[in-house]
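The values are calculated or read from the model by the stated rules, or taken from the named source; none is laboratory data. Small disclaimer: the values here were computed from a predicted structure and weren't measured. All Cβ positions, glycine included, derive from the backbone under ideal geometry; neighbour counts span all protein chains shown. These accessible areas exclude ligands, DNA and RNA; they are computed on the full protein's heavy atoms, side chains included. Shrake-Rupley method; radii C 1.70, N 1.55, O 1.52, S 1.80 Å.
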Amino acid sequence: MRNANQERIIREAARFARAVHEQDSSGHDWWHVMRVTRLSRLLSVMEGADAYLCELASLLHDVADEKLNASKEVGLHRVQRWLEEAGTAPADREHVLDIIGTMSFAGGSGQAMKTLEGAIVQDADRLDALGVIGIARTFAYSGWKGQGIYDPAIPVREGMTRDQYRHEKSTAINHFSEKLLKLKDRMNTDTGRMLAAGRHQLMELFLNGFDKEWGFGNERYLLESPLHRSAIARVHVTFDESAAGSLRLALRNRNRQGEMVIALPDDFMVGPLPRGREGTELQERHHWLLSRFAVSEEEHDGTRLMLIDSTAAWLTWPDQWKDTECVIWASDSASEQLGLRRLMTLLPDEAEVFVVNPGRMLSDLYPQIDYRRTGEIVPDKLEPLLEDGPVKLTLQAKSDLRADWERLLLEDGCLRIVLDGQLCTVEESHYDAFILACADAIGARDGRFLKSARVIGEVIGKADQYISDTFIAYRVRQLIRQGKFRYTGHLDAMRHYSISLSDAALAAIPDDEPRIRHCATLRTAAIELAESRDHERRLLQELEQLDPSSLYRLLPDDCHANIDEFTEQLKKMQDLERMYARQQASLQEAVMRLSDHLDKPKSS
């Protein structure tokens, strides 16, 4: 508990500090002092320190800063004189001066704090350098000091002296690596460390965002990247963001330094193919996709943004890989194989290119799983392929891939699929009959309306190869216009409307499509069997928790016969459940085997 004299000193210290810092524009203003003071007060409670000394040192900690005085010594003398005039106790005065004199980062060469109060004030000051406020203060300080935001030509400084830290040229972005990202591991208290972890993560997110924006449309990104600084020896390429995310985790798990993952998104399975990276053909492709896939304003904006990102990536990335080893990840899906072919037309012969087909490699290892595209594969399955998967492309292989792209360009279609291991151009309506059959299989008929998203999910799940949900949604809308589906709701998004087969559509479904219906029925039954068994098992487990001996004590003697009956019936039910579970499991296995057999003709 503070005495009246200490309360007076704190008030006077606040007035003094405010007068010193009120006009500051370097990020060391009065509100920085207040934030540090409040954090110190909180930390002192959490860590059991002297709150008075923590608050007093926090209020005065920047009065002695070298940035505001001719030297550190001049600044400390200024604080010492004020403390003497304010009537602080000699021991408190010495303690506060020691905290202020040793808490500076000093380019990473600062001394360790001697007391818990010093550790707390230093932690509070460092916490205010982290997180969102820390980011704002960094740019305020850099502007005040006349430094730029970022310059790729100015390297990050390591192992600086105090003088180098204060006076050598740097940038705001460099400051994160030179100081701010180091603070998390230099916190003194448990509370400070926990608070620093979250703020540190926010700064990493900011730097990743800055790096991404710096790279947008930048044909020199590998040389200029704030995060990588020409340190990339190998680039991994995927053709969708999902695959890129899994691969990044795989690389991180294997601690693969000097390697990065780039996504070149754009599903060339659908729409007119572009001949180059720009020009009228690209505009025609964009118009085709927007006119068919973007129904609502929200979808139009989302599709348009996707096309902008894709165009920027294809315009700027391939030229950067002429001198960098490139590993392309392409499973057997039409979209990935088409991406591979297009990329080959943009890379020169001398580029060192490797290809990994993770879907095919993993299907050989795990025949029971059908890996249709790289984006479906989890990181731990990709990790071993980092070592054993890449196969270097020969000049002949590159030439063959380019020739195949040219063939597909000449076919001039808008839907391409894989048939017998080869990319083929087919009519847009190729999957229409299959869509109708899948809707029939799950009961979207006879006036029963099902959410279009459920029907589309059924089509994607049962199709013999990967097809995007946007394309299937487009074909569903076309079938509505043709009178094959009736609908309720609004067509602006697949989640907003439901569909049911019209009589005309039911009459047109081929005779052999009951196979699909039976397959869907069997698989639904298998799922429901498992769920019902789990439910019954949980109920029995709850009853088994009841302790008969406790029931005997809680209930009167004339109820004991009921307890005995309960125990006997529960035991019989347990025996029946075990027998029933075995029978149910056998039935479930038989159902799944039968549905697998029904499924084989579809994929063969």
>> Testing Ile9 on (1) open to solvent by less than 60 Å² (accessible area, probe 1.4 Å); (2) under 30 Å from His167 (Cβ atoms); (3) in contact (Cβ under 8 Å) with a residue 60 or more places away in the chain, one condition comes back false. Which one is that?
In response: (2)
> Can you tell me which residue in the range 395-411 is least open to solvent (accessible area, probe 1.4 Å), limited to those that are closer than 14 Å to Ala351 by Cα and of a type in the set (A, V, I, L, M)?
Replying inline: Ala397
>> Going through Arg523, Arg533, Arg495, Arg538 one at a time, which residue ends up being among the basic types (Lys, Arg), closer than 30 Å to Ala561 by Cβ, modelled with pLDDT under 90 and out of contact with any Leu (no Cβ under 7 Å at 6 or more places or on another chain)?
In response: Arg538
>> Considering only residues that are among the hydrophobic types (A, V, I, L, M, F, W, C), free of Cβ contacts under 8 Å to residues at least 40 places away in the same chain and under 30 Å from Gly146 (Cβ atoms), which ones fall in the range 12-46?
In response: Ala19, Trp30, Trp31, Val33, Met34
>> I need the full set of residues from the range 118-146 which are within 31 Å of the chain's Cα centre (by Cα) and either in a loop (DSSP other than H, G, I, E, B) or without any contact (Cβ under 8 Å) to a residue 24 or more places away in the chain (or both), in order please.
In response: Asp128, Ala129, Leu130
> Are any residues in the range 212-238 under 20 Å from Lys322 (Cβ atoms) and either part of a helix (DSSP H, G or I) or open to solvent by less than 30 Å² (accessible area, probe 1.4 Å) (or both), and if so, which ones?
Replying inline: Gly215, Asn218, Tyr221, Leu222, Leu223, Glu224, Ser225, Ile232, Val235, His236, Val237, Thr238
> Within the range 534-571, can you find the residues that are open to solvent by 100 Å² or more (accessible area, probe 1.4 Å) and of a type in the set (Lys, Arg)?
Replying inline: Arg538, Arg553, Lys571
> What is the residue count in the range 310-342 for residues that are more than 22 Å from the chain's Cα centre (by Cα), among the aliphatic types (A, V, I, L, M) and surrounded by fewer than 18 Cβ atoms within 10 Å (Cβ to Cβ)?
Replying inline: 1
> Does any residue of the range 418-428 turn out to be aliphatic (A, V, I, L, M), modelled with pLDDT of 90 or more and open to solvent by 40 Å² or more (accessible area, probe 1.4 Å)?
Replying inline: yes
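Among the listed residues Leu83, Leu59, Leu97, identify the single one that is in contact (Cβ under 8 Å) with a residue 24 or more places away in the chain and either under 17 Å from Thr191 (Cβ atoms) or among the hydrophobic types (A, V, I, L, M, F, W, C) (or both).
Leu59
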> What helices (runs of 4 or more DSSP H), lying completely within the range 404-515, carry at least 3 residues that are within 25 Å of Met269 (Cβ to Cβ)?
Replying inline: 432-441, 452-462, 469-481
> Quick one: what pairs do we get from the range 351-368, first residue over 15 Å from Gly389 (Cβ atoms), second surrounded by fewer than 12 Cβ atoms within 10 Å (Cβ to Cβ), C-beta under 8 Å, 6+ apart or different chains?
Replying inline: Glu352/Lys392
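Can we say Gly217 is at positive phi, among the small types (Gly, Ala, Ser) and in contact with a Leu (Cβ under 9 Å, 6 or more places away or on another chain)? Spell out the reasoning first.
Values: at positive phi: yes; among the small types (Gly, Ala, Ser): yes; in contact with a Leu (Cβ under 9 Å, 6 or more places away or on another chain): yes.
Taking the combined requirement at face value, the residue satisfies it.
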> Can Arg416 be described as within 25 Å of Leu273 (Cα to Cα), in contact with a Cys (Cβ under 7 Å, 6 or more places away or on another chain) and not β-branched (Val, Ile, Thr)?
Replying inline: yes
>> I'd like the residue in the range 431-472 that is loosely packed, with under 15 Cβ neighbours inside 10 Å and more than 34 Å from the chain's Cα centre (by Cα) and, out of all such residues, is farthest from Ser498 (Cα to Cα).
In response: Asp446
> Has the range 360-368 got any residue that is surrounded by 22 or more Cβ atoms within 10 Å (Cβ to Cβ) and either within 18 Å of Ala397 (Cα to Cα) or touching a Ser or Thr at 6+ places or on another chain (Cβ under 8 Å) (or both)?
Replying inline: no
> Out of all the residues in the range 482-508, which are of a type in the set (Ser, Thr, Tyr) and open to solvent by less than 80 Å² (accessible area, probe 1.4 Å)?
Replying inline: Thr488, Tyr497, Ser498, Ser500, Ser502
